Every structure is written in C-alpha cells, then in structure tokens.
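These notes concern the structure reproduced below.
The values are calculated or read from the model by the stated rules, or taken from the named source; none is laboratory data. Everything quoted here is computed from the prediction, not taken from an experiment. Every residue, glycine as well, gets a Cβ built from its backbone with ideal geometry; the counts of neighbours run over all protein chains shown.
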Amino acid sequence: MSEPNVLIERISRSQRTALIIGIVGIAATFAGLAVNKTQFTYSWFYGSLFWAGLSAGALGLYLLNNVVGGKWGAIIRRFLEASAKVLPYTFIPLAIAFFLPGAMHTLFPWVRPEFLKDPAVAHKIAYLNPQGFTIRFIIYLLFWTFLGYRLSSRTDIQDKTKDHAEGVAIQVRMRQFSAPMLLLFVLTSTFAFFDWVMSLEPTWYSTIYGAMYLIGQVLAMLALSIILLVRYSDQSPFKETINMPVTHDLGNLMLAFTMVWAYLSFSQFLITWAGNLPEEIQWYQRRFTHGWGYVAWTVSVFHFCVPFFILLHRFVKRNPKLLATLCVYMFLMRFLDVFWLSQPPLRPELSVSWMDLTALAGIGGIWFFLFFQQLKTRPLLPLNDARLIAMRHEHHHA
Amino acid sequence: MNDNAPRTGLYGLMAEFTTPEQLLDAANKTYAAGYRQMDAYSPMPVEGLADAIGFRKHYVSQAVLAAGLTGCVGGFSLLYWIAKIAYAHNVAGRPFNSWPAFIPITFECTVLLSALMAVFGMFAMNGLPQPYHPVFNVPEFARATKDRFFLCVEAADPLFDKERTREFLSTLTAYEVADVEN
C-alpha cells in the first residue's frame, strides 16, 4: 500500500502551492482595499461568489448522483464531497463581501433609500431587507453544511463496514435521504442566488435564474472533477478502477450540462426578448452595451457552440487528456460567465481591475487549500461502493 | 447474389458460450486468428464486443450529424422565409428577421431529423428488418435471447475451412460448435 502515498504527496504539493497563491492573492486584494474600497467590494464579491457557487454546484451534483445513480458519481464522489465540505468556509469571504461596513450599500440598490420610492422595488422590501438577507444567509449556511457533512459521514461509515450488504443498504438510505434534500437544495440555492446575485438589480426578476446559475456552477464542478480524475488516473487507487466507459460517461455529462446551461440561459433570454418589457429588458441592455456585448458574444460562442461541437466527437470523450484539456477551458469560461452575470450592474462600462484577478486567485487558492485538505484525509475512492467493486472487477478482465 | 435461388450449403460455424466473458475472449481470439467475416449474438450488450469482431467504423453518427445540420439550417431557413419573405408582418415593431424567436423551431427541426435519421439510418445500415437469417436454423440459437452467447464464423470468410475452423473454435472454451445451414 505504498502507492497511494505518491498521490497524497502530489496533493500535498498542490496544497502548498494553493496556500501560497491564496495568501498572496488575498493580501494583494486587501492592499487594494486601501486604494479603492468600491473596487475592492466589487472584486471581492466576484471572487467569493464564484468559489461559493462552485461548492454549491458540487453539493447539487452529489445529491443528483445519489438519486439517479451511475458509476461516474462513485468515481468522482470524493471530489464532490471535499468540495461540498469546503462550502461552509466559502461563507467567510461571502460574509466579508456582504457585511463589511458599507459593502451592502455598495452592492445592493435595495438598501438605498432612493430606490425604495421605485414601486417595482417597494413591494419587494418585505423580502429584500438587510435583516431578512442575513437570516437567509445563515439558513443557507446551516442547511448546506448539514447536507455536505451528513452525506459524507454516511460514506465514512460505508468505508468502514465489512459487510457487502450493509454497504449497499447505506447506498439505498443515501438515495432516500437525497431525493427530498435535492428538492430543498435546489429551492434554497435558487433563493440564495436571488439574494446574492439577482438582487443586484432589484427591479428585475427571472424565476429561472437560480437554476441557471446553479447549473453553470455544476458544470464548473464537473469540469474540475474530470481534470483531477485525469491528473490522478496514473496512480492507485484510480489506476486500477478507471475504465474507458466511465470517462466516456463523464464526457457525455459535460455535453449534457453544457446544453442544459445553454438551454436555461437562452430560455431566459427568449422570454425576456419576446415580452419586451422595459423593466425586464434592462438586464440584457446592460449586458449587451458599453463593452459588455463582447463578453456576451464570447460567452455564447465559446461557452456553448465550441464545446458543444467538440464534445459531439466520440474520440474526444474517449481520450482522457483531450477531455481534461477541454475541461480546463470550460472552467475558464465559467470565470467569464460569472463575471458577465454579476458585474454589469456594478460597473456599467466593461472594465477589469487587477483586484478581480487577485480576489479570484486568492480566494480560489484558499478554496483549493481546504479542498485538498479534505481530499487528503480520506481514501480517494469510496472503499465499499458496489459500483466501484464491479468496475474493479471489469478492469481485471479487460 | 441472386435472392431467388434456393440457398444451399453451409452458411458458417457457430460456437456457443455460457458467459459473455467467454464470448468476448473467443471473439478476440478469432479476430486475432485472421477471421473477419463473423458475427456475435448476445442477449444483452457486451462492452467491447463490437470492437472485438472488428466492427469499428459505422456511419450512423455521421448520418445523424448531417441530418441534424440539415434540420438546423432547414428549420431556420423556413422561418426566415415565412417571417421575412412570404408573410412579412410587423409584430410589435420587431424586425422581420427576429432570430431569437426562430431558435426553438430550429432546435426542434434539428432534433427531429437527427432522431429520424438515428432510427431509420440504423435500420438501413443494419440491414433490418431481415425476415430470414440462417443462424435461426440452429435450434439452440433460440437461447441467444435468454442466456447463451454465440459467435458465428461465416463460410464467406476467405480463411474459412470447415474442418480447420471447427477445430479452431473447439479450442475456445465453446460449450458446443454447430453447423449453420443456409
């Protein structure tokens, strides 16, 4: 059993690099706080939103796999669990973004008195107020923490059991637990993204928004899982378990989530475009003018059209290195999409600050540090998962 | 081949296996021995079996892509022609070429033609439906839909020799090797 140590060593090295990037990035961003507080708030908000959303995406994907099953979920389960267990920590940078003195005022128009006169905002004040926002923030934190830790403690028990039937029974109980929790999770995350991102423009609303945002971050998490899986695939325990069909499945899922993302994004656009109501179209007007239009077209073409046609090819999905390269590209595209979704109301003219990059890298560095820490403490593949045992068996015959 | 002529003689030799692993192993060995004209029959999909018998290239996916692109371009062109050329109506001041509104139909046409091509293209390239096939002349073959796995090496293969092929097949853990009459 000396071989897994190679991987643990590799993860420890990545973790050290991540910690350095994290500390430098966060220190630089806080230095920016002294220079330009408004820009700091915008950038910090962007960075913390991305990484919190990534962890939320992991929780969503994890719950989904528990309900629908599939070998692909068993093989990336530890990545999803590690990411979901980092979720509570991502609330710290989010809390800084929202609750630093004056920050809420900088980000959210609904706390500014002049907006309260707007009838489109006035009747939402029962929901959109600092007290309600804070209470919901705590509810999301507690509920999501409970979900992530509860589910991963079940798989810890599964790891320790000696009895095959008991391992299967735990799987069944996790499915029964996950089905209603998936429903509650999608509802809470819908409200979370309403609160955190959609309410940047309080006159505007879209009921599909939460799902659209969440699916984007599920896609990011799936891409990250594939990257890590391929990176670690030359070492035990992945080496003797991974086979071609499962990487092909993951490639197909990438295609599916890319299409769901495009479907939800376009649905929102089409309905808004067809309705053509002044308070609805301003969301798109803001995102198609003053330079933001370039970002919009870049996202449409390079976040959907290009990966869609690439992922149609079987040989891409059957070539792990190629698939992982595409996933790196998709992950970068997610940075751009979240930027386009969250920033135009804050900066009407397209601009990128160095603080955007340091906040994204800094918070991301700490995110990866915690993520690798979670990953290291447990076996990298669940030990008594019936699906993985079957896969290992197939591997021997192949 | 003249389809009206009575079919006579040997169609091939069929080896029967009890597990999918045996079938896969046998298919690999038969292919390695140089046989190309063969087919495998199994009650359920066996991963890697198509590759093992040398069935690597098929054109269904290309045909589906072509049909999908045709549906995409056709659907969009149809709506463009209707909305801009044939029945140009001003709808709430929007441009005639209101492309966002065309996308759902374009998408549906893409899916429709792709799906039709996937089903009928598959049938056409499979040679299905096939009312008569010699393998059914082997009584044991009825179990191919239940619990047995078959590999048939066809007489049309240049390497085929009744005695030597039979000898070869019997080295492959086959449960039984049967003649398949035309």
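Of note:
- Cross-chain or 6+ apart pairs with Cβ under 6 Å, segment B:53-65 first and within 11 Å of chain A (Cβ to nearest Cβ) and within 16 Å of B:Gly121 (Cβ to Cβ), then of a type outside the set (Val, Ile, Thr) and outside any loop (DSSP other than H, G, I, E, B): B:Val64/B:Ser114; B:Val64/B:Met117; B:Val64/B:Ala118
- Lone unmet requirement of (1) away from chain A (no Cβ under 14 Å); (2) modelled with pLDDT under 90; (3) on the phi < 0 side of the Ramachandran plot for B:Val119: (2)
- Number of positions in segment A:310-348 that are within 14 Å of chain B (Cβ to nearest Cβ), more than 20 Å from A:Ile215 (Cβ to Cβ) and among the β-branched types (Val, Ile, Thr): 1
- Entirely in segment A:309-389, the helices (runs of 4 or more DSSP H) that have 2 or more residues that are of a type in the set (Phe, Trp, Tyr): A:320-342, A:354-376
- Test: residue in segment A:381-395 that is loosely packed, with under 14 Cβ neighbours inside 10 Å, within 14 Å of another protein chain (Cβ to nearest Cβ) and either of a type in the set (Phe, Trp, Tyr) or farther than 23 Å from A:Ala74 by Cα (or both): no
- One residue stands out among those in segment B:66-93 that are within 14 Å of chain A (Cβ to nearest Cβ) and surrounded by 14 or more Cβ atoms within 10 Å (Cβ to Cβ): the one that is farthest from the chain's Cα centre (by Cα), which is B:Ala83.
- Against the numbered list (1) away from every other protein chain (no Cβ under 14 Å); (2) modelled with pLDDT of 90 or more; (3) closer than 26 Å to A:Ala359 by Cβ, A:Gly251 comes up short only at (3).
- Of the residues making up segment A:238-274, those that are buried (at least 19 other Cβ atoms within 10 Å of the Cβ) and either closer than 30 Å to A:Val6 by Cα or in contact with a Lys or Arg (Cβ under 6 Å, 6 or more places away or on another chain) (or both) are A:Phe238, A:Thr241, A:Ile242, A:Val246, A:Thr247, A:Leu250, A:Gly251, A:Leu253, A:Met254.
- A:Trp72 vs. criteria among the aromatic types (Phe, Trp, Tyr), modelled with pLDDT under 90 and more than 20 Å from A:Arg347 (Cβ to Cβ): yes
- Counted residues, segment B:12-34 - those being in contact with a helix residue (DSSP H, G or I) (Cβ under 7 Å, 6 or more places away or on another chain), away from every other protein chain (no Cβ under 14 Å) and surrounded by 19 or more Cβ atoms within 10 Å (Cβ to Cβ): 5
- When residues of segment A:121-144 are limited to those that are polar (S, T, N, Q) and in a helix (DSSP H, G or I), the one surrounded by the most Cβ atoms within 10 Å (Cβ to Cβ): A:Thr134
- Index of the failed condition, A:Thr358 passing every other in (1) under 21 Å from A:Leu200 (Cα atoms); (2) surrounded by 14 or more Cβ atoms within 10 Å (Cβ to Cβ); (3) of a type in the set (Val, Ile, Thr): (1)
- Note on segment A:259-288: residues that are touching a residue at least 40 places away in the same chain (Cβ under 8 Å) and either away from chain B (no Cβ under 11 Å) or among the hydroxyl-bearing types (Ser, Thr, Tyr) (or both) total 13.
- In the set (1) buried (at least 22 other Cβ atoms within 10 Å of the Cβ); (2) in contact with a Gly (Cβ under 8 Å, 6 or more places away or on another chain), the condition left unmet by A:Gly73 is number (2).
- Of all residues in segment A:1-44, those satisfying the criterion of being more than 20 Å from A:Leu370 (Cβ to Cβ) and either outside any helix (DSSP H, G or I) or among the hydrophobic types (A, V, I, L, M, F, W, C) (or both) are A:Met1, A:Ser2, A:Glu3, A:Val6, A:Ala31, A:Leu33, A:Ala34, A:Val35, A:Asn36, A:Phe40.
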